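The values are calculated or read from the model by the stated rules, or taken from the named source; none is laboratory data. In this text, all values refer to a predicted model and were calculated from it rather than measured experimentally. When we count neighbours, we look across all protein chains shown, and the Cβ atoms used for this are built from the backbone with ideal geometry, even at glycine. Side chains are part of the model used for accessible areas, which takes the heavy atoms of the whole protein and leaves out ligands, DNA and RNA. Shrake-Rupley method; radii C 1.70, N 1.55, O 1.52, S 1.80 Å.
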Amino acid sequence: MSAITRWIDRTFYPKHQDHWDNDIFRKMVLEHVNERTVLLDAGAGSGCLPHMNFKGQVAKVIGVDPSTEVANNKYLDESHVGFCDHMPFLESNSIDVAVSNNVLEHVEHPSSFLKEVQRVLKPGGIYIVKTPNKYHYMVLLARITPDWFHVFYNKLRGVSADDVFPTRYRVNSKKSLSENAKTAGFSVVDIKLVEGRPEYLRIFAPFYVVGIAYERIVNALNLSHLKIVFFAVLKKEPAN
């Protein structure tokens with residue numbers, strides 16, 4: 001990180017921490033769990049984010065991911081290799097809270113994914129997600145660039161190629177997530193969009209300045225549909 005970038009950080013974002021979006025997500029999850037909670041991390045991955053460590057704060061953490069690296073996730077009590085749209089290893093109505101942090105953008109079939117998460121949740125269970133907004137400029141750029149470029153650019157940001165996956169953005173808007181959630185048997189408790197420090201642009205000072213201008217404009221005008229990340233809380237409705 002250049003001296004200019006560090007100066008911009010201090011000047012424009014003195015209170016921002018790295019991974020500010022994950023801090024928000026963690027706080028949301030902690031509001032819905034307790035020491036009796038059985039938690040499902042749907043798309044748990046290798047466990048590279050300490051924000052996703054809920055051991056000791058819940059009764060049990062179960063992780064599911066198609067990558068075999070999930071077996072090495074130290075934040076899990078139980079891990080399963082598999083896709084979250086087909087989890088026969090989990091009983092219906094067995095999970096209190098499910099979470100997905102930056103997962104939905106990679107899902108090929110969001111309808112079956114959400115229906116399966118809904119199946120394993122107990123009636124009244126909560127599903128909490130964080131995912132990029134497909135109308136944000138960074139996502140628009142990601143959608144028109146190849147996967148190899150995503151790996152290259154994230155390597156510049158210090159992100160390992162093993163943590164960069166193909167994106168689909170099939171359910172990455174307020175409308176599409178709400179519609180698919182309702183079809184799967186969820187009610188939408190809350191959806192909020194947030195624009196913060198432009199993390200993806202901090203590697204180049206000129207890009208960073210442009211990102212700051214965008215962030216200030218969308219927040220000043222409260223252009224929620226153009227903010228980078230949205231957080232959603234969904235609730236499994238009891239069967240009629």
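Condition check ((1) touching a residue at least 24 places away in the same chain (Cβ under 8 Å); (2) part of a helix (DSSP H, G or I); (3) surrounded by fewer than 16 Cβ atoms within 10 Å (Cβ to Cβ)) across all residues:
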site: Trp7; (1), (2), (3): no, yes, yes
site: Lys15; (1), (2), (3): no, no, yes
site: Asp23; (1), (2), (3): yes, yes, yes
site: Cys48; (1), (2), (3): yes, no, yes
site: Gly63; (1), (2), (3): no, no, no
For residues that are part of a strand (DSSP E or B) and not small (Gly, Ala, Ser), scanning just the stretch 170-188, find the one that is least open to solvent (accessible area, probe 1.4 Å). Phe186
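With the requirement that a residue be over 13 Å from Pro132 (Cα atoms) and either in contact (Cβ under 8 Å) with a residue 24 or more places away in the chain or open to solvent by 20 Å² or more (accessible area, probe 1.4 Å) (or both), what does the stretch 216-235 give you?
Across the stretch 216-235, the qualifying residues are Arg216, Ile217, Asn219, Ala220, Leu221, Asn222, Leu223, Val233, Leu234, Lys235.
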Yes/no for Asp96 being farther than 23 Å from Trp20 by Cα, crowded, with 20+ Cβ neighbours inside 10 Å and among the acidic types (Asp, Glu): yes
Number of positions in the stretch 45-56 that are at pLDDT 95 or above, farther than 16 Å from Ile95 by Cβ and more than 15 Å from the chain's Cα centre (by Cα): 0
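Among the listed residues Ala239, Ala213, which satisfies the condition of being touching a residue at least 60 places away in the same chain (Cβ under 8 Å), more than 20 Å from the chain's Cα centre (by Cα) and exposed (fewer than 14 other Cβ atoms within 10 Å of the Cβ)?
None of the others qualify; the one that does is Ala239.
Would you confirm whether any residue within the stretch 30-42 is part of a loop (DSSP other than H, G, I, E, B), at pLDDT below 95 and over 23 Å from Ala232 (Cβ atoms)? Walk me through it before giving the result.
From the stretch 30-42, those part of a loop (DSSP other than H, G, I, E, B) are 31-37; that's our starting set.
Add one more test, that the residue is at pLDDT below 95, and what stays is none.
There is no residue in the stretch 30-42 that is part of a loop (DSSP other than H, G, I, E, B), at pLDDT below 95 and over 23 Å from Ala232 (Cβ atoms).
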Of all residues making up the stretch 96-136, the number that are among the β-branched types (Val, Ile, Thr), in a helix (DSSP H, G or I) and more than 23 Å from Leu30 (Cα to Cα): 0
